[in-house]
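Here is the structure we will look at.
Every number here is computed from the coordinates shown, using simple stated rules; none is lab data. On a predicted model such as this, the values are computed, not experimentally measured, just so you know. Neighbour counts run over all protein chains shown; Cβ positions are idealised from the backbone, glycine included.
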Amino acid sequence: MSLAFTVSGLLVGVLVGLTGVGGGSLMTPLLTLLFGFSPATAVGTDLAFAAITKSFGTLAHRAHGHVQWHVVRRLCLGSLPTALITILVLKSAGELDAGWLHAIRVSIGVSVILTVLSLLFRRQLLEWLARNPRFQLEGRRQAIATVLVGAVIGVLVTVSSIGAGAVGATLILLLYPNMKPAQVAGTDIAYAVPLTALAGLGHVWLGTVDWNLLLALLVGSIPGIWLGTQLSRALPERLVRGALATTLTLVAIKLVS
């Protein structure tokens, strides 16, 4: 079975390399729907997985000067406290019963739907914002909005392991439309590291991390991400993102039904 997990990590890694979409929106539904892991274990293991893989991504983006650290600080100011509070709420619930597991499963589905929307409508949202500059936030209002966005993502990521990838990148771009794409990617990955690390440690405390599964996924995903990055030069991004959005939509329907 560990070979199947490694192959799954490889396939998810390829898709991440191709599209830039965070592995959570792909990996967590895969673990719950295909392999039958409980939603809590899928989320906890994926958060530990994300903390490790995103750390390497942050180092690469930092070396190229792509990380906007003032935005990272604002997002962390909102996301880390809400992630901690969410972990404490889950801990106080004791052993997760069927109701809690169903709620986590639905939250995964909702997060996948948000990822699909961010994939499909990011360009249209940015075009609308460019036509209506009065809605662009600046100064204190921009800072407060960034903290609030971080707070929402902190809860979403801790409960579902999804939200710090495509959803986070889209929201950062809407708040900071003058950012270059590489800066958005670098900033999105950088703030996700402490968030997924804190949430992942929380799930270790909750006992919802499967270490053997985590190792198998890492063995497959690291070369997969490299391979996907190479393939991205040959395949049309629009085609790949469209296929991914369709797949994720079907997954989300299955999760919330």
task: Assess whether A166 counts as being within 24 Å of V110 (Cα to Cα), crowded, with 19+ Cβ neighbours inside 10 Å and more than 11 Å from the chain's Cα centre (by Cα).
output: no
field: So T41, is it more than 17 Å from S160 (Cα to Cα) and among the hydroxyl-bearing types (S, T, Y)
entry: no
- prompt: Between residues in the stretch 119-148 that are without any contact (Cβ under 8 Å) to a residue 40 or more places away in the chain and residues that are part of a helix (DSSP H, G or I) and surrounded by 14 or more Cβ atoms within 10 Å (Cβ to Cβ), which pairs lie under 8 Å by C-beta distance while being six or more apart or on different chains?
  reply: F135/L129; L137/A145; L137/L175; Q142/L175; A145/L175
- prompt: Which one is surrounded by the fewest Cβ atoms within 10 Å (Cβ to Cβ), of the residues in the stretch 169-179 that are in contact (Cβ under 8 Å) with a residue 12 or more places away in the chain and over 12 Å from the mean Cα position of the chain (by Cα)?
  reply: P177
field: Given (1) surrounded by 16 or more Cβ atoms within 10 Å (Cβ to Cβ); (2) under 21 Å from H66 (Cβ atoms), index of the condition A145 fails
entry: (2)
- request: Sort out which residues of the stretch 190-226 are within 17 Å of L31 (Cα to Cα) and aromatic (F, W, Y), and write them in order of number.
  value: W211
